Structure formats: C-alpha cells, structure tokens
1. Can you name the number of the only condition in (1) surrounded by fewer than 16 Cβ atoms within 10 Å (Cβ to Cβ); (2) in contact with a helix residue (DSSP H, G or I) (Cβ under 6 Å, 6 or more places away or on another chain) that residue 236 fails?
2. Identify, please: which residue in the stretch 298-321 is more than 42 Å from the chain's Cα centre (by Cα) and without any contact (Cβ under 8 Å) to a residue 12 or more places away in the chain and is, among those, farthest from residue 287 (Cα to Cα)?
3. Assuming residue 266 fulfils every condition listed in (1) open to solvent by 30 Å² or more (accessible area, probe 1.4 Å); (2) closer than 22 Å to residue 199 by Cα; (3) in contact (Cβ under 8 Å) with a residue 24 or more places away in the chain apart from one, which condition is it?
4. Hand me the list of strands (runs of 3 or more DSSP E) wholly inside the stretch 571-658 holding 2 or more residues that are β-branched (Val, Ile, Thr).
5. Within the stretch 295-304, how many residues are under 29 Å from residue 29 (Cβ atoms) and either β-branched (Val, Ile, Thr) or surrounded by fewer than 16 Cβ atoms within 10 Å (Cβ to Cβ) (or both)?
6. Taking the stated definitions as given, is residue 407 open to solvent by less than 10 Å² (accessible area, probe 1.4 Å), touching a helix residue (DSSP H, G or I) at 6+ places or on another chain (Cβ under 7 Å) and either not acidic (Asp, Glu) or not in a strand (DSSP E or B) (or both)?
7. Quick one: what pairs do we get from the stretch 712-736, first residue of a type in the set (Gly, Ala, Ser), second in a loop (DSSP other than H, G, I, E, B) and modelled with pLDDT under 85, C-beta under 9 Å, 6+ apart or different chains?
8. Got a sec? Which helices (runs of 4 or more DSSP H) wholly within the stretch 311-394 have at least 3 residues that are open to solvent by less than 60 Å² (accessible area, probe 1.4 Å)?
Amino acid sequence: MKSSFVTRYSQAIVATVLVLATVTSYADRPRIGLVLGGGGARGAAHIGVLKELERQRVPVDAIAGTSMGAIIGGLYASGKTPAELEEIITTLDWADAMSDTPSREHLSFRRKLDDERYPITLELGVRDRELLLPMGVVQGQRLDLVLRELTIDVSHIDNFDELPIPFRAVATDVGTGLPHVMAGGDLARSIRASMSVPAIFAPAELDGKLLIDGGIATNLPVDVMRTMDVDIIIAVDVEFPLYPVEELSSAVKISEQMLTILMRKDTLRQIELLTDDDILIRPELDTFDSGDFANTPTTIGPGEQAALAVSQRLVNIALDEEQFAQHLAQRGTPAPIDTELAFVRVTDDSRYSSEMLESHLDIAAGDPIDTTQLANAAEDLYGLNIHEQVSYRLIEEGGQTGVEFNARSKTYGPNILKFAVSLANDFEGSTSFNVGTRLTRIGINARGAEWQTDLQIGTDPLLISEFYQPLTEGSRLFVAPRIELRQRNLNAFSGEDTVARYRISESELGLDLGTNIGSIGEIRVGGYSGTGKARVKVGDPALSTIDFDTGGVLTRLRFDTRDDAQFPRSGIRADLKWNLSLPDLGADERFDTVETEVEGSWSHGKNSWHVGVLYATTLDSKNGIQDLFTLGGFLRLSGLERGEISGPHAAMARLMYFRQVSEATGGLFEIPIYLGASAEIGNTWQTRSDIGFDSAQVNGSLFAGFDTFIGPVYLAAGFGEGGRNNYYLFFGAPPRW
C-alpha cells in the first residue's frame, strides 16, 4: 500500500513538473509579429501565407498591415480564420464592392428621375464659379458597408490591442506625406483609410487627418511592428515588381514604373530593418495585376507555397499541437454584442435636420442588430444623393448598444452638375442632337429643399427650373413652383398627309403641391399658365404662325420600381396625367387630355421581356396643334421617322425582348451588351371613333444596346408596313414613350 501510494505521489509530482515546464516553456517562447504588405489584388496571397502558418502551428501575436495587407490582417486580427478569409475573397463581388452606385431600390424618387434623364454617372460640383471634381472616382460607399459587415463582431472595440490579435493599420497623411499608424478607433474605417488608392478612392477623414493609401509612405511596415513588443517578425512582401526595360512601351507603364520605384525605395529600407532572426516571405506572383480583383483566388496558392518554402525557418518557432491549441484558445473571441438596437440616430455635417434624415430610415430602436438591415438603411440615406458617403457604427452608451449613421456632405457641393448627351440619326437625313445638364442646389434648408435647373441645347432646347420644398421636417408633402421654356418640332396633317412641320416654342409658369409615395413615386396636383407660338419650319410658307395661350390644372401620378433605368430586368414604370385646360387660367380653349403610360419588365437568366402600353386622348377635340400627341421613331413605331405622325388621340402597345450577351468585367471597353427585338402596334387618330385595331400600324425592330459610361447606345433597324424601314443610331436613352 505504502509503495503504491509513493508511486502515485511520485507520478503526480512528475506530471506537475512536466506541466509547469510546458507552461513555462510556452510562456518563454518568442513573440511573433506578422507584417502584411500592400499590393492590391496581389495581397490575397496573404491568405495562403496564413493558411500555411496555421498548418505549421506558427503563432501570431501581433499584426501590422498596409492597404490589402490591412484588410487581410485586420480581419484575421478580429477573429476570422484563414478558411473564412478565403471564402470572403473568393465570393466577394469586387466590382460591386468598389462601386458607389446604390441599388436603384434605395434611390429616392427624385434621384430615380435624375438616373433616368441623366445617365452619365460623372457629376461635378460648382462653387464660387469654379468646377470641382470629387476627390476620387470611388468614394468607397459599398466597400465601407462590406467592411462594417465583416467587422461587426468587434465594432465596439476602440483599442486595437484588445482585438483577439493586436493590430495596426497604416495609411499616409496626405497633408504631410508621412505614415499614419492607426492603433484604435473605428476598425472598418481604419482599414478603408489604409487602402485609399489616390485618384481612385477618395481620401478618408480620420483622426483629424486626410488619409490615403499607406503604400505611398510605407508599404511594408516593419518599423511599425518593431514598436509592438515582438521578438521575431515575419514580413510578407507582395509588391508589384519593376517592369523590364523592354516592356516600358507606353506612358501608362512608365507611370506605373515610377510609382513602383518610389514605393520600392521605402520597402527596401523596411526590409533592411529585418534581423537574421526575422523571416521574409515573397510569394511568386510574377506580374499578376494589382487591379485584377476578379482573379484574386489564384494568388492564394502562391502564398502557401512561399510560406512552405521557408518551413525550415518556421519550424524553429512552431508550437506542438497542444501548445498551438492553447494559443488559439487564449486569443479568445470578442464579447458578444447586443441582439437588438437600443437607439438609432443620424449625425450630419450639413443643414439637414436629423428628423428629416431619420424619416428616410426603415429601422428603429428595438429592431434586431442585422448587418443587412443596417446596410440597407445606410443605402437609403445615400440614395438621397445629397451626401458623399453614409456609414454606420454600433456604439455603446449606458450599457446599451445602438447605431449611429454618419452622413458626410459632398466636398464638391452644394451645387451638383449632372450631364446627358443624346444623338438620334436615322441615316435618312433626320438627325437630332441634344446636350443637357442638370444643376441641383442641395441642402438649402433643414427640411431638405433643393433648387433644380435643367438646361438643354440642340435640336430640342429647353430651360426648366423648379424649387422643391418639403413642407415639414420628415414630411412627404412638398410644394414646387417651376418655370419652363422649351422648343420642339411637330408635324401637321391634312387627312393622312403631312402638310407642314412646325417649330413650337412654349413658356410656362406652374405651382405644384405633391406627396412622395415612399421612394417609388409621387403624386402632384398643380396649376399652370403660359404662352407659345407655332411657326412653320417645313411646308407652305403661306401657312400662318399660330400664337396660343395655355393654362389649367394638371394632376400627375408617377411611380418607378425598375431595377435599372435603361436596361431594366424587373419592375414597373408608370406615368398617368390628367390635364384640364381652363380659360379662367389663361387658356384659349377648354378641353381635357388624359395620358397613360405603363411599362413592366421581368427576366429569366440573361433574358428580359418588357410589355408596355400607351394611351392618350383628348376628351374635347378643341386642343391646338401644340397639344397633339406624336408617335414614330425607335420603339415608338420603329418603321416611321421620329414624330412622323400626330393627332389628338394616340395608342400603342409594345412587346420587347433582349438578352445580355456580354458583361462588364472591369476593362475599359468591356461593357454590358444586349441584343433584342420589339413588336409594336399603334397609331394616332384625328377622332376617337377611328381608334381600332383595323386602323393600327404594325411595326418592329431589331437592335443592339450597349450600356456605356455616357449612357445607353443603340444600333437599330426599324420595320413598318408597306416596306417602310428605318435605321437608327442612338446615344442616350431613346424616347420609349
């Protein structure tokens, strides 16, 4: 018995000594810091390095990263595994993440009208008689929301040393040109600042500084890691190599070479800071393009191979299975965040009231904390197109978690210019060309008033100015006084024969009272009064010039749920108008006109179908030539010339099909291309009793459409009855109705 007890006691002592020795040995191991360099899409190779480090059981005690290295390093430091990082990189829609354009469902109805009428995405600012450009092609709206979703579990951590792995992100202070190291604050914002590539991404405002890509100042921040109390550094360099002299055949490549040389100088300086105990890893990426985000997964394998190649160095700092499991366990996981929102608020640096902005949010206190819902709410605010960026952050106050949306004004505002170009040529001598611009003054007062002015020069010149004033903060009701000046051409008929083409000039004053229907539409009721003149442009010069006065009441309902204004794949667009012409308001005659235009779209795969109907009628045929309805042109009876037929009554139905045969993949000339056809039936009539299928014309078209940065471009052939054919070239949206 005594011998057995002594034996067990001795074994216990030995086991205790071994455990203490193991713990002591583990505690005495060197601290290892990981430095992840910038390199754009090449930086996905960092994931391969992380996979191999974990496979070889190499602990990581601190991380410092620049640009793409800050993304991978920051997410890994927040608790993401290499497998999760690989899933993120391979499934993320990079083209979408690097776009600012919100989904059309998030646009306010006024912005949907902008989107339809002015499809050129570039907008400029006007201030003190100067044109201003945005500070970057991409403001980073979508990327910011992606980063917020990926870091939501640690969004309440302000000190990056409290992350599962201590972390530093490096950016460049554009004011001084010096590195700016971020050790705390908003993790998602810090990562976004680190990768603000100049001229592509707008700089990020953080810590009172304007920050751009950290690679400009220090692309491989070894010196930053030296300050993080580590013993051994593993540095991963994924920088783009210098081109051989024989490949420097263009100004673009020489410019790229110059930037690489400047960045490489500091990278070499950082590498010189490494000691014999440190490890440098350089994945073999050859000339893989830093901007080739569509193929980032292909760099993960070279990252693994590069880490595997230094296994003999890594084995000296690797842990055994038990120690590595203990290391992973000690990292821990961030404390869980609350499950629901205690409060919701909006901060803004402009004149807009928080009540007005919060009225556009579909989220409230008590709602669950859901990243999709939070992102959608931010996109709803961004869809007002009055801010440069709208972000959100979970914050803790009084032991409760809420969300704060931060809306930042446009640095190039408050006067915003949008543009449109339209060219219509039927190759038969009929050409229409217009250049238009819309100037919007935003942020006039706390209720969200804006002053919008359209100016178009060309075949159909116009000047329209409207002041849009919501009646109360957060109210959907608005009042909108306006003035319109415009000119257009219109054919006149005697029976079925065209006898003249008139040039119609009109001016009008109006005042509308309306209400928004969420973000999908609006209803307006208003009065107007105006004057005009119709003079003969083509035809018998003996025909007299017609002077006319207008006035009356107009009621209009418009709504739009389409996913795209130019090549919609789903949704409905409708425009319903009732116009009562009244002599008491200045009109020459009393009459009613009703116009109804409805179009619906649906899709399957790459195939889309569209059905549309138009019906316009005069309830009392005393209206003048200026009030006639026209048809003719591409998609409006395509076999006829533009506006070839007109009358006090018009009707048309159209079935259109198109298929997307090419997608945008990021290249300059790689744009969506569509091939399609339409079938159209309709006509204009002089009397309502003549309306019928027996007198309707059947037309159709074949077309190719290109969704370019200046808007849609069409090449089309139209076919009508009696062998009528027309060929069209369109720049800009064709007048579908």
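1. Going through (1) surrounded by fewer than 16 Cβ atoms within 10 Å (Cβ to Cβ); (2) in contact with a helix residue (DSSP H, G or I) (Cβ under 6 Å, 6 or more places away or on another chain) one by one, residue 236 breaks only (1).
2. 316
3. Condition not satisfied by residue 266: (1).
4. Filter on the stretch 571-658 gives 591-604, 607-618.
5. Going through the stretch 295-304 one residue at a time, the tally reaches 1.
6. Here the answer is yes, as residue 407 does meet what is asked.
7. Qualifying pairs under 9 Å: 716/734; 718/426; 732/710.
8. Helices (runs of 4 or more DSSP H) meeting the threshold: 321-331, 354-358, 371-382.
The values are calculated or read from the model by the stated rules, or taken from the named source; none is laboratory data. Predicted, not measured: the structure shown is a model, and the values here were computed from it. Every residue, glycine among them, receives a Cβ derived from its backbone with ideal geometry; neighbour counts consider all protein chains shown. SASA here: full protein model, heavy atoms, side chains in, ligands and nucleic acids out. Shrake-Rupley method; radii C 1.70, N 1.55, O 1.52, S 1.80 Å.
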